[in-house]
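Notes for the one structure printed next.
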Amino acid sequence: MTTPAPISLLLVEDEDTIAVFIKALLEENGDFLIQRAACLEEAQKTLRQVEPEVILLDLNLPDSIGLDTLQAMLATKTTAAIIIMTGSNDEELAAKALQQGAQDYLIKGQSNNMLIIKSIRYALERKQFHHQLLLSQSQMLQSEKMASIGQLAAGVAHEINNPMGFITSNLHTLQRYLDRLTDFMALQASALATHPDQKLQTEIAGQRKRMQIDHIKEDLQDLINESLSGGQRVSEIVQGLRSFSRTDQQQHEKASINDIISDTIKIVWNELKYKATLAEDFGDLPLVPCFPHQLGQVIMNLLVNGAQAIDQQGEITIRTSHQDDRVTIAISDTGSGIAPDKLTKIFDPFYTTKKIDKGTGLGLSIAYDIITNKHQGTIDVQSEVGMGTTFTITLPILQEEDND
Ligand SMILES: Nc1ncnc2c1ncn2[C@@H]1O[C@H](COP(=O)(O)OP(=O)(O)OP(=O)(O)O)[C@@H](O)[C@H]1O
Ligand SMILES: [Mg+2]
């Protein structure tokens, strides 16, 4: 069993004797790491350096009185649970303090040891619960957002696919026609070269130059090639959108995660080998119910992202492990890292920092959808600019039946 960590607490109290008394009382009844501030300014200064879990706050301080003290503390954006501990037994003030965000209102001299300790414990539990609530709310919003984007994506992909089909097919026909016309012109040119009428020869050569026929011939070829590669790019995006919306459901089966990773490495090895050495640390894993092809797609994108984030030479490490009812896959790279303000955007569809022909920005949004919606798992990222990035996936070993 592990011993719980001590509770970090900031005691804001101007009177020395009371502060000593409360400190002793807390230390006698629980495991606390206590810091004291004797005025508002000192409390604010402390909060700039440390983030306690609980603040026991006297409202009447030498430099601030009443609810102003609470408001000044809340304005520091502290995440600590604030418990008022004051001398004034004023119900109206107590109600206002609770409305403004205090977790409890205790009165000095009327609160026995157990009441104070209980108040701290309950305040911490309420804070924790509130935090969980906010987290699951934002996760729900995220997955709803993904689902509606998925539907939109499927519709757009379908609409683009048909016209793209005939544009590409027409470009190939144009290419063939151009080859034929070029051959025909070459034939005409060689016939003309042996023509007895010198004047006609010079006139046609002059027209050819003036009308930039040779330049047009070359440029036509380039134009068709560029249009074809643009078409290819659109097809890739459509393909990405289709995977994103998962209109093509695949087999759900029990599979070895380590095998899926090894197979994927073989496929992307060409993209990785010049950039990174690969370290594998595979744990002993049970079979996991999953869509193997989809998981392979996720791993592939994480490996390619890792390699693309490495400028010259680096390392990519893949670790797998098993704890209780989950398996974990962690993919780390020693690449550029991701700035904190970008971390919230990387799972958004079409967010990319890569050159136009390198990334569509769909990789991580597809990965997010596959892991959270199709496998009821989690995907998290930790990154430090200049040091590297780790993506961690967890997958449940037992899943609900409904994972379409
Ligand atoms: N391992 C990583 N290191 C640094 N940045 C990363 C890493 N993985 C993702 N990113 C950032 O997140 C962005 C989005 O990644 P995502 O895989 O969704 O799209 P992409 O790689 O740009 O394009 P695509 O995957 O569609 O080819 C990337 O453009 C990059 O800025
Ligand atoms: Mg990618």
Study note, to complete from the structure: Every listed condition ((1) polar (S, T, N, Q); (2) more than 16 Å from ligand 2 (Cβ to nearest atom); (3) free of Cβ contacts under 8 Å to residues at least 24 places away in the same chain) holds for SER321 save (3)
Check your understanding: Just a yes or no: is a residue in the stretch 131-152 of a type in the set (Gly, Ala, Ser), over 37 Å from the mean Cα position of the chain (by Cα) and outside the structural domain of GLY30 (by TED's automatic domain parsing)?
Key -> no
Practice item. Return yes when THR352 is among the β-branched types (Val, Ile, Thr) and without any contact (Cβ under 8 Å) to a residue 12 or more places away in the chain and no when it is not. Key: yes
Check your understanding: Taking interchain pairs and intrachain pairs at least six residues apart, which have beta carbon atoms under 6 angstrom, with the first residue in the stretch 257-279 and more than 15 Å from VAL298 (Cβ to Cβ) and the second in a helix (DSSP H, G or I)?
Key -> GLU271/VAL304; GLU271/ALA307; LEU272/ALA307; LYS275/ALA307; ALA276/ALA307
Check your understanding: When the residues of the stretch 315-329 are filtered to those that are within 21 Å of VAL268 (Cα to Cα) and surrounded by fewer than 18 Cβ atoms within 10 Å (Cβ to Cβ), which remaining residue is nearest to ligand 1 (Cβ to nearest atom)?
Key -> GLU315
Review point. Does the stretch 287-294 include one or more residues that are surrounded by 14 or more Cβ atoms within 10 Å (Cβ to Cβ), assigned to a loop (DSSP other than H, G, I, E, B), in contact (Cβ under 8 Å) with a residue 12 or more places away in the chain and not aromatic (Phe, Trp, Tyr)?
Key: no
Review point. What pairs can you find where one residue is in the stretch 227-244 and on the phi < 0 side of the Ramachandran plot and of a type in the set (D, E, K, R), the other is modelled with pLDDT of 75 or more and not in a helix (DSSP H, G or I), and their Cβ atoms are less than 8 Å apart, with a gap of 6+ or different chains?
Key: GLU236/THR360
Practice item. Have a look at ILE82, ILE22, ILE34, ILE18 and point out the one that is touching a residue at least 24 places away in the same chain (Cβ under 8 Å), of a type in the set (A, V, I, L, M, F, W, C) and under 20 Å from HIS130 (Cβ atoms). Key: ILE82
**Study point:** One residue from ILE379, ILE299 being over 23 Å from LYS273 (Cα atoms) and within 16 Å of ligand 2 (Cβ to nearest atom)
**Key:** ILE379
Point to revise | Meets criteria (assigned by TED's automatic domain parsing to the domain that holds ASP68 and either touching a Leu at 6+ places or on another chain (Cβ under 9 Å) or surrounded by 12 or more Cβ atoms within 10 Å (Cβ to Cβ) (or both)) for ILE120 | key: no
**Study point:** LEU25, sole failed condition from (1) in a helix (DSSP H, G or I); (2) within 39 Å of the chain's Cα centre (by Cα)
**Key:** (2)
Study note, to complete from the structure: Exception for ASN258 within (1) of a type outside the set (Val, Ile, Thr); (2) surrounded by 14 or more Cβ atoms within 10 Å (Cβ to Cβ); (3) modelled with pLDDT of 90 or more; (4) not assigned by TED's automatic domain parsing to the domain that holds PRO292 falls at (4)
Practice item. Select, from LEU364, LEU343, the only residue that is crowded, with 22+ Cβ neighbours inside 10 Å and either more than 26 Å from HIS252 (Cα to Cα) or within 12 Å of ligand 2 (Cβ to nearest atom) (or both). Key: LEU364
**Study point:** Given (1) assigned to a strand (DSSP E or B); (2) more than 16 Å from ligand 2 (Cβ to nearest atom), index of the condition ILE393 fails
**Key:** (2)
Review point. What residue, among those in the stretch 196-208 that are without any contact (Cβ under 8 Å) to a residue 12 or more places away in the chain and surrounded by 11 or more Cβ atoms within 10 Å (Cβ to Cβ), is farthest from GLN232 (Cα to Cα)?
Key: LEU200
Study note, to complete from the structure: The correct count of residues that are in a loop (DSSP other than H, G, I, E, B) and either free of Cβ contacts under 8 Å to residues at least 40 places away in the same chain or touching a Gly at 6+ places or on another chain (Cβ under 9 Å) (or both) in the stretch 1-14 is 6
Review point. Among the residues of the stretch 97-117, which ones are surrounded by fewer than 19 Cβ atoms within 10 Å (Cβ to Cβ) and assigned to a helix (DSSP H, G or I)?
Key: LEU98, GLN99, GLN100, ASN113, MET114, LEU115, ILE117
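The values are calculated or read from the model by the stated rules, or taken from the named source; none is laboratory data. Remember, predicted model here, so these are calculated numbers, not experimental data. As a convention, Cβ positions derive from the backbone with ideal geometry for all residues, glycine included, and neighbour counts pool all protein chains shown.
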